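Here is the structure we will look at, set down as structure tokens.
The values are calculated or read from the model by the stated rules, or taken from the named source; none is laboratory data. Here the structure is a predicted model, which is why all the values come from computation and not from measurement. Because the Cβ atoms are built from the backbone with ideal geometry, glycine has one as well, and the counts that use them run over all protein chains shown.
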């Protein structure tokens, strides 16, 4: 059986040190699923001096990009073959482990050389995921927004790191620079709790029901 623990060398949960509630929530959920992980201390964009904003987003997007870039550097230095990066405000599928096993089995049948696998994201292109009779869907030049839960093969580390200092948010870098061997799981293994306010910017709460509808999520199947 394919599990998170035997597929990925390391699972990172990106967490601001002061976000203790989110940390406790993710720790509880991942422990229930018997997933090994480590918290990664996120760069706090709101505390950066002379913070130069990216082409989209706020100081939080700057901190998010820097955090991910540092993770890729660490993974490359440690020689990690495959990693999974999670944000700390997620709902996870109740049948997570079985769905991951089935999804990964199908992914290997389609493409053993996969490079990026989205466990979830924001469907801003408003695609109808249900029209495809597959739990693994190739993205190609299509895209999911957000970095809420993405698996990476080591082949993408250098591709992503070369854009460390450009003005694109990290989700744009991944979507635009890795547009082959890139896939998503549907139904999502994880989706974002958008009602939880960010600690890097005020007034960013969004409507959870609208988010769920946009991403074709049935919240009763998640915890």
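Residue count for the range 74-96 satisfying the condition of being part of a loop (DSSP other than H, G, I, E, B) and either within 16 Å of residue 39 (Cβ to Cβ) or in contact with a strand residue (DSSP E or B) (Cβ under 6 Å, 6 or more places away or on another chain) (or both): 4. Selection over the range 189-223 of residues that are surrounded by 19 or more Cβ atoms within 10 Å (Cβ to Cβ) and either modelled with pLDDT of 95 or more or outside any loop (DSSP other than H, G, I, E, B) (or both) gives a count of 5.
Screening residue 184 on (1) crowded, with 19+ Cβ neighbours inside 10 Å; (2) not in a strand (DSSP E or B) shows it passes everything except condition (2).
Selection over the range 28-43 of residues that are in contact with a helix residue (DSSP H, G or I) (Cβ under 6 Å, 6 or more places away or on another chain) and surrounded by fewer than 19 Cβ atoms within 10 Å (Cβ to Cβ) gives a count of 2. For the condition at pLDDT 90 or above, over 15 Å from residue 190 (Cα atoms) and in a loop (DSSP other than H, G, I, E, B), residue 43 qualifies. For residues that are assigned to a helix (DSSP H, G or I) and touching a helix residue (DSSP H, G or I) at 6+ places or on another chain (Cβ under 9 Å), scanning just the range 97-117, find the one that is surrounded by the most Cβ atoms within 10 Å (Cβ to Cβ). Step by step, filter the range 97-117, then rank; the result is 100.
One residue alone among 52, 65 is touching a helix residue (DSSP H, G or I) at 6+ places or on another chain (Cβ under 6 Å) and closer than 18 Å to residue 163 by Cβ, and that residue is 65.
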